[in-house]
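> Before anything else, here's the structure in question.
The values are calculated or read from the model by the stated rules, or taken from the named source; none is laboratory data. Only a predicted model underlies this, so the values are computations on that prediction, with no experimental measurement involved. Cβ coordinates were reconstructed from backbone atoms using ideal geometry, including for glycine residues, and neighbour counts include every protein chain displayed.
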């Protein structure tokens, strides 16, 4: 019996047991328990301050339960939330998060990437990625709109690509011919040519990092995710035009630790990045596996792999384990057998052969790719056969095999790797609407 003059709310043992079974998140469990205690205390025994704090706790808990983004929104600096309305979490990595946001005044959508600047790894990764994004300004490369910096976090405000990934668009079209492939590859090659001219090596080029800006048929294709990018030439970016700098850094809030001189000094002092084995296994160039200094040619090798997938839905080097995969890449063992290669033109195969060349110095550059007859003619002399059915079928088979291997350990091909101590984080989110880990090939339904 409760004491007279007070009201105590009682809970049965079964309700407490059920509560403990249902709650697996320790933080949420702690907050709910606190809220239960506040509701069960005697009104007479509580002070006004205690009642006020209890009400605030209950309100906070209710907001957390009704709004799943409330917890994550609290991590953002007030300067960011004052200008942008945080909508949803769309990507997650070891040291970063990506959210979809909307500018409060213009209502324009953006992607905001939150980088955790903790320790040497986080600081170096942030410096490298920010150093690249501050300088790029091209139609086919993701653009940086604004930067906010705190002691332990950096917020990159980037344009939001809502048109989906390259392969998602291929599967969703219903028809896909060589001409369609050349349109996409022309845009990617144009973006790579611009990056390589600046001295930037992407090092993680793959279909998941090629996103359409909007769902329309006339959308531009943009290169995203510069989390593993590095500089090919230490002095390539010492001289940048004022126009590019003004566009890339418009309305930015930079801390002194991320200034251009510091980035340049860091780049000159540490050239380890060009020797680091990192990226996604199926797209790694032979020189990266051999731990030789890499150049922009590693991106062109990856473009060759992408072209092979784009025309067939299959990987040129597809093995069940990383050791076998790496041996196949080092041998350069790929072929044009099976469906639909009989229907693919000789010019398209020539384009792939020029890219999947073992010797980096003999590999086709981005500038040469833009001049290749297959791209220049937009596959005018190629077969007009619809490759969609074969591509979709092969992608589905690949997805089924990949999904069966995803729960395994790090030997699974498809997940991003970084195999050097002190190297940059090996897991970063993509800047798209989808929230996929990248470990399994994602196919649109």
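> Does residue 293 count as in a loop (DSSP other than H, G, I, E, B), surrounded by 15 or more Cβ atoms within 10 Å (Cβ to Cβ) and either under 26 Å from the mean Cα position of the chain (by Cα) or in the same structural domain as residue 375 (by TED's automatic domain parsing) (or both)? Walk me through it before giving the result.
Working: in a loop (DSSP other than H, G, I, E, B): yes; surrounded by 15 or more Cβ atoms within 10 Å (Cβ to Cβ): no; either under 26 Å from the mean Cα position of the chain (by Cα) or in the same structural domain as residue 375 (by TED's automatic domain parsing) (or both): yes.
So residue 293 does not fit the description; no.
> Select from the range 167-210 the residues that are more than 16 Å from the chain's Cα centre (by Cα), assigned to a helix (DSSP H, G or I) and over 21 Å from residue 371 (Cβ atoms) and list them in ascending order.
169, 170, 171, 172, 173
> Let me ask something additional. Restrict the check to the range 320-331 and report whether at least one residue is surrounded by 19 or more Cβ atoms within 10 Å (Cβ to Cβ) and in a loop (DSSP other than H, G, I, E, B).
no
> Condition (residue is closer than 22 Å to residue 193 by Cβ and free of Cβ contacts under 8 Å to residues at least 40 places away in the same chain) applied to the range 301-320: is it met by at least one residue? Spell out the reasoning first.
Within the range 301-320, the first condition is being closer than 22 Å to residue 193 by Cβ, and the residues that meet it are 301-311.
Retained after the next criterion (residues that are free of Cβ contacts under 8 Å to residues at least 40 places away in the same chain): none.
Scanning the range 301-320, I find no residue that is closer than 22 Å to residue 193 by Cβ and free of Cβ contacts under 8 Å to residues at least 40 places away in the same chain, so the answer is no.
> Scan the range 355-385 residue by residue and report those that are assigned to a helix (DSSP H, G or I) and in contact (Cβ under 8 Å) with a residue 24 or more places away in the chain.
Residues of the range 355-385 assigned to a helix (DSSP H, G or I): 355, 360-362, 366-370, 373-376.
Within the range 355-385, 355, 360, 361, 366, 367, 369, 370, 373, 374, 375 qualify.
> Could you tell me whether residue 162 is within 17 Å of residue 311 (Cβ to Cβ), touching a residue at least 60 places away in the same chain (Cβ under 8 Å) and surrounded by fewer than 20 Cβ atoms within 10 Å (Cβ to Cβ)? First the steps, then the outcome.
Numbers: within 17 Å of residue 311 (Cβ to Cβ): no; touching a residue at least 60 places away in the same chain (Cβ under 8 Å): yes; surrounded by fewer than 20 Cβ atoms within 10 Å (Cβ to Cβ): yes.
So residue 162 does not fit the description; no.
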